[in-house]
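A.B. asks: After the structure tokens below, expect a handful of questions from me.
The values are calculated or read from the model by the stated rules, or taken from the named source; none is laboratory data. This structure is a prediction, so every number in the text was calculated from the model and none was measured. Side chains are part of the model used for accessible areas, which takes the heavy atoms of the whole protein and leaves out ligands, DNA and RNA. Shrake-Rupley method; radii C 1.70, N 1.55, O 1.52, S 1.80 Å.
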Amino acid sequence: MFNDIGPLELVTLIVLAVLVFGPDKLPKVIQDVTRTIRKIREFSESAKNDIREELGPEFKDFEFEDLNPKTFIRKQLDNEDLGLKEIRNGFDLKKEMAEVTDAVHSRDSDSSSSGSSGGRIDMTKQPETPDRDDRPPFDADAT
């Protein structure tokens, strides 16, 4: 429950509790707090059991922890029926980025290829030089 509290924080809480409640009342306060926590846990477990009984046998594997969005999404993505593990394992981000970089720099990704483009698209920006006959007419009055 308190996994993220370190020793220094725990000592600080104890010192504050002694200063606020005093050494005489501190044991009674600790008993009251633990009793309240115990009652809340019992109420929570009772409510969970009532909900499971009302849902029926179809939801016998239902876990309330699955209602946490992170847990729900992780469980759905790890589902074997979707085949996402094969897609995730088949995708190599470094290889894809290297191919994109090579395409941008117009280099072949394989050093063993003989310089043919192999159906690749040239993505370099080369200015088009229109033929002399394809130029639009110049209109001095329009400028």
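A.B. asks: Can you list the HN-Hα couplings for the stretch 41-47, worked out from phi with the Karplus curve (6.51, -1.76, 1.60; θ = phi - 60°), rounded to whole Hz and with x for Gly and Pro?
C.D. replies: Computed from phi, the couplings for the stretch 41-47 are 5, 4, 4, 5, 5, 5, 5 Hz.
A.B. asks: Now for a separate question. Beyond 22 Å, how much of the Cα-Cα pair distribution for the stretch 1-77 remains, as a whole percent?
C.D. replies: 54
A.B. asks: Just list whichever of LYS48/LYS70; LYS70/LYS95; LYS39/LYS75 have alpha carbons separated by over 27 Å in the model shown.
C.D. replies: Listed pairs above 27 Å: LYS70/LYS95; LYS39/LYS75.
A.B. asks: Can you work out ³J(HN,Hα) from phi for every residue in the stretch 30-38, in order, using Karplus 6.51 cos²θ - 1.76 cosθ + 1.60 and θ = phi - 60°, giving whole Hz and x for Gly and Pro?
C.D. replies: Each residue's phi maps through the Karplus curve to give 5, 5, 5, 5, 5, 5, 5, 4, 4 Hz.
A.B. asks: Note the full-extension length gain between LYS48 and VAL33 as 0.36 nm times their separation in residues minus their Cα-Cα distance, in nm to one decimal.
C.D. replies: 3.1 nm
A.B. asks: Accessible surface of LEU93 in the full protein assembly, 1.4 angstrom probe, to the nearest 10 Å²?
C.D. replies: 100
A.B. asks: Distance from the Cα centre of the stretch 38-61 to that of the stretch 6-33, in angstrom?
C.D. replies: 33
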